[in-house]
Amino acid sequence: MRRTIIKGIGHYIPPRVVTNHDLEKIMNTSDEWIRERTGIVERHWAEPGVGTSDLATEAAIRAIEDAGIDKSEIDFIVAATLSPDHYFPGIGVQVQAKLGLKEIGALDIRNQCSGFIYALSVADQYIRTGTYNKILLVAAELQSANLDFSDEGRDMAVLFGDGAGAVVLEANDSDDGRGVLSCHLFSDGRFVSELWMEKPSSKDNPTFREEFFHQGKFFPRMNGRLVFKNACEKMPQAVMAGLEKLGLTVNDIDYLIPHQANDRISQMVARGLRIPEEKVIRNIHKYGNTTAASIPIALSEAVKEGKIKPGMLIALTAFGSGFTWGSAFIRW
Ligand code: ACO
């Protein structure tokens, strides 16, 4: 059976480190509050002038190098981000141009924190059906340029970091069992306004108004407690749905990589699934929440650190704005 394997993986984190103590100087918060509530110690912010597509391209270069292929072999791009360089077009075409690739298709996925899992499921289908042979999947996020440092926005401002992760996917026709085993996607649009950036909105004519700017409507907002509760419930449910379909159990999972939203959420997810902490990849203390990029960054780091070995079962799970959530299972 044809499956999709990760042929190469890479990530890129912009060099500028912003610690909790740095944030104390620009907003009403404390290192203690942030650490206790989220586990975050520092995050990285891109410099002005750098765009999400630049971070994505850097990660893509690393993934292509890791795959050991020539970039001209890539025949499709899937890009996931909630923070594109421009309102439109998406970053997929910019990555294509920055890599100097020929006129291949580039698809943008808008599923926020679940973006990588949604993007992986799409790319997996293209590869399984033989539509494309080598897909570059990039997930990148640059949130630091639009954070609200006032008391109204401080719950979110302390969470986010910038970064990008990328994988090169290709078909595996052998029967060694390696590859993406399955992806499981869910959404509940009743919760749109519980985690969103309300403006700009096509409902407003004209769309861009100074009053919205003064009302802080262009900043991300969330109902933190509701997001927390749902994330802790839905991620374990998504993992269990996948295990059931695959006829596997929690004990079969070698590593769980949850979306790095908040370390307390990751701990609750592990507890909910009864997975020991040493099997859960967590790096939010260094990078904060990098939204769509958090899973591929964590996976890339774990691979580079030698934790992930051939034959291991890796479970990915994410939850975020929409609400959208899901899981994916990869036999490495
Ligand atoms: N620093 C200091 N105090 C703060 C901060 C801050 N950065 N943010 C909020 N507070 C204050 C609040 O104003 C509140 O003060 P009050 O009691 O005087 O009213 C107090 O801290 C407690 O606030 P809560 O919201 O009740 O704190 P909670 O324990 O719920 O933790 C948190 C907040 C960490 C945001 C939590 O709700 C959470 O993690 N939610 C999920 C977040 C998440 O994963 N979001 C997804 C990210 S978005 C995305 O990925 C697309």
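Quick notes
- Output for region 112-163, where each listed residue is outside any loop (DSSP other than H, G, I, E, B), farther than 17 Å from residue 83 by Cα and within 11 Å of the ligand (Cβ to nearest atom): 154, 155
- Among the residues making up region 238-266, those that are out of contact with any strand residue (DSSP E or B) (no Cβ under 8 Å at 6 or more places or on another chain) and under 16 Å from residue 41 (Cβ atoms) are 263, 264.
- Checking each residue in region 1-39 for being basic (Lys, Arg) and assigned to a helix (DSSP H, G or I) picks out 25, 35, 37.
- Filter result (over 17 Å from residue 294 (Cβ atoms), in a helix (DSSP H, G or I) and of a type in the set (Val, Ile, Thr)) within region 40-71: 57, 61, 64
- If you check 175, 85 for being more than 16 Å from the ligand (Cβ to nearest atom), charged (D, E, K, R) and either under 19 Å from the mean Cα position of the chain (by Cα) or in a strand (DSSP E or B) (or both), only one passes: 85.
- Residues being touching a residue at least 12 places away in the same chain (Cβ under 8 Å), closer than 30 Å to residue 71 by Cβ and among the acidic types (Asp, Glu) - total across region 166-190: 3
- All conditions but one from (1) farther than 30 Å from residue 27 by Cα; (2) in contact with a Phe, Trp or Tyr (Cβ under 6 Å, 6 or more places away or on another chain) apply to residue 164; the one that does not is (1).
- Residue tally, condition assigned to a loop (DSSP other than H, G, I, E, B) and either under 19 Å from the mean Cα position of the chain (by Cα) or not basic (Lys, Arg) (or both), over region 88-111: 9
- Flag for residue 193 being hydroxyl-bearing (Ser, Thr, Tyr), without any contact (Cβ under 8 Å) to a residue 24 or more places away in the chain and either within 16 Å of the ligand (Cβ to nearest atom) or closer than 23 Å to residue 41 by Cα (or both): yes
- For region 214-265, taking the residues that are assigned to a loop (DSSP other than H, G, I, E, B) and free of Cβ contacts under 8 Å to residues at least 60 places away in the same chain, the one that is farthest from the ligand (Cβ to nearest atom) is identified as 247.
- Within the option set 281, 275, 330, being surrounded by fewer than 23 Cβ atoms within 10 Å (Cβ to Cβ), at pLDDT 95 or above and in contact with a Lys or Arg (Cβ under 9 Å, 6 or more places away or on another chain) holds for one residue only, 281.
- One residue stands out among those in region 284-314 that are among the small types (Gly, Ala, Ser) and more than 21 Å from residue 237 (Cβ to Cβ): the one that is surrounded by the most Cβ atoms within 10 Å (Cβ to Cβ), which is 293.
The values are calculated or read from the model by the stated rules, or taken from the named source; none is laboratory data. Values in this document were obtained by computation on a predicted structure and should not be read as measured data. Backbone-built Cβ (ideal geometry, glycine too); neighbour counts: all protein chains shown.
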